[in-house]
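Heads up, the thing below is written out as structure tokens.
Rule-based calculations on the coordinates, nothing more; no lab input. For clarity, every value in this text was computed on a predicted model and none was experimentally measured. Here the Cβ positions follow ideal geometry from the backbone for every residue, glycine too, while neighbour counts run over all protein chains shown.
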Amino acid sequence: MLRRLVVNADDLGLTAGVNDGIFDAHEHGILTSASLLANAPATADAVRRARSHPSLGLGAHLTLVDGSPILPPTHVPTLLEGDGRFRRSWKPFIVACLQRRVSLVDVERELTAQIQRLLGAGVTLTHLDAHKHVHAYPPIFAVVARLAVRFGIPVVRVPYERSSRRSVLGGDARDRWAVRRQAVLNAAMWPWARRNAHTAASLGLRTPQFIGRVHTGVIGKPALHSMLRAIRSGVTELMVHPGYVDDVLRRTSTRLLDSRQQELDLLCSMETRALLLGERIDLVRHDLTHSVRRSVRHVS
């Protein structure tokens, strides 16, 4: 069977610099797809620029943490903190879910609004995923899966990396610690991932194999090449976070700063492209159409 790879950038719309990096990675590198935030500082810029990049697949990067809702606070009170924004990170959000302090009605109402905003802007959505992977919590995944069916979106991400035991521990001590920590968190997701894959299959949704989680923020060349060589037959999604660091990004709560430029360089590297050709890995979007590939240049 063919080995097909979707190279997907999360956080499109986060800042203008992130947008620049994502579009550069598509124009000059191997990026085939991106996940778009519906209510971020540079969402309007991303939507406008996407119109001139029809070969870039676009999905919704659904947001329930680290951001602001589209709906008025009175419509989704259980999703918000006292300042009217979502909880700051995935940890307090998942704890609140487990304590049944998050209403799934509020979740569905807000996520519906986010999808409708993107569709209303003329974006054709190829997939759904979520910021910080909060949709991995099975009751929320079930909501996301229902919305995918409702809006005719064929793919939902199950953010579990099966091959994490073979993680490459490169870089400095801090990077190695990050890989180990993320590998442990990934392994803990297996029961949820199995349940979510079953939910998606029962609704006729596709859930590609997934890589890139364990090395989030610390993808170096050895790790990337190892992941690419290990790709199995079928469709695999590689999650990446390319971008240029601008002042707006430095003021956000993200830990992914300089790593975005490093990932951009890797995605645009002739060596990366040559590896894909040598491994006979086919670049596609989530809708399984082939991306329009221009000549690749090295930008580092």
(request) Give me K91, K221 ranked fewest to most by other Cβ atoms within 10 Å of their Cβ, as a rough exposure proxy. (result) K91, K221
(message) Just to verify a number: FRET efficiency for S68 and K221, C-beta to C-beta distance, R0 = 41 Å, to 0.05?
(response) 0.65
(message) Is there a quick way to get the dipole size of the chain? I mean about its Cα centre, with the Cβ of Lys and Arg at +1 and of Asp and Glu at -1; what is the value in debye to the nearest 20?
(response) 900
(request) Give the order of V240, V218 when sorted by the count of other beta carbons within 10 angstrom, beginning with the fewest. (result) V218, V240
(request) State the extension gain, in nm to one decimal, for the chain segment bounded by L277 and T289, taking 0.36 nm per residue of separation less the distance between their alpha-carbons. (result) 2.6 nm
(request) Tell me which residues come under 5 Å, amide H to amide H, from A34 once H is placed; ignore anything under 5 positions away on its chain. (result) A9, G57, L58, G59
(request) Determine the sum of side-chain charges near V235: Lys and Arg each +1, Asp and Glu each -1, restricted to other residues whose C-beta is under 13 angstrom from that of V235. (result) +3
(request) May I ask you to compute the full-extension gain from S233 to D258, defined as 0.36 nm times their residue separation minus their alpha-carbon distance, rounded to one decimal in nm? (result) 5.7 nm
(request) Would you please give the FRET efficiency between R117 and R174, computed as 1/(1 + (r/R0)^6) with r the Cβ-Cβ distance and R0 = 41 Å, to the nearest 0.05? (result) 0.65
(message) In segment 31-50, whose amide N lies under 18 Å from the spot 7 Å out along Cα-to-Cβ of D247? List them in ranges.
(response) 41-42
(message) Counting other beta carbons within 10 Å of each residue's own, what order do L203, L12 fall into, fewest first?
(response) L203, L12
(request) Show that you can apply the helix-only estimate: for the chain, add -39,500 (n - 2.57) for every DSSP H stretch of four or more residues, divide by all residues, and state [θ] at 222 nm to the nearest 500. (result) -12500 deg cm²/dmol
(request) Name the long-range amide H neighbours of L5: under 5 Å, sequence gap of 5 or more, or other chain; modelled H, no Pro or chain starts. (result) T236, D282, L283, V284
(request) Using the Karplus curve 6.51 cos²θ - 1.76 cosθ + 1.60 with θ = phi - 60°, work out ³J(HN,Hα) for each residue of segment 199-216 in order, rounded to whole Hz, and write x for Gly and Pro. (result) 4, 4, 4, 5, 9, x, 9, 8, 10, x, 4, 10, 9, x, 5, 5, 9, 4
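Indicate the gyration tensor shape class of the chain (rounded, prolate or oblate), computed on the Cα atoms with a ≥ b ≥ c the square roots of the eigenvalues: a/c under 1.5 is rounded; otherwise a/b larger than b/c is prolate and the rest oblate. Numbers along the way, then the final one.
Numbers: a/c = 1.40, a/b = 1.33, b/c = 1.05.
Verdict is rounded for the chain.
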(request) May I ask what percent, to the nearest 5, of DSSP beta bridges between residues of the chain are antiparallel? (result) 5
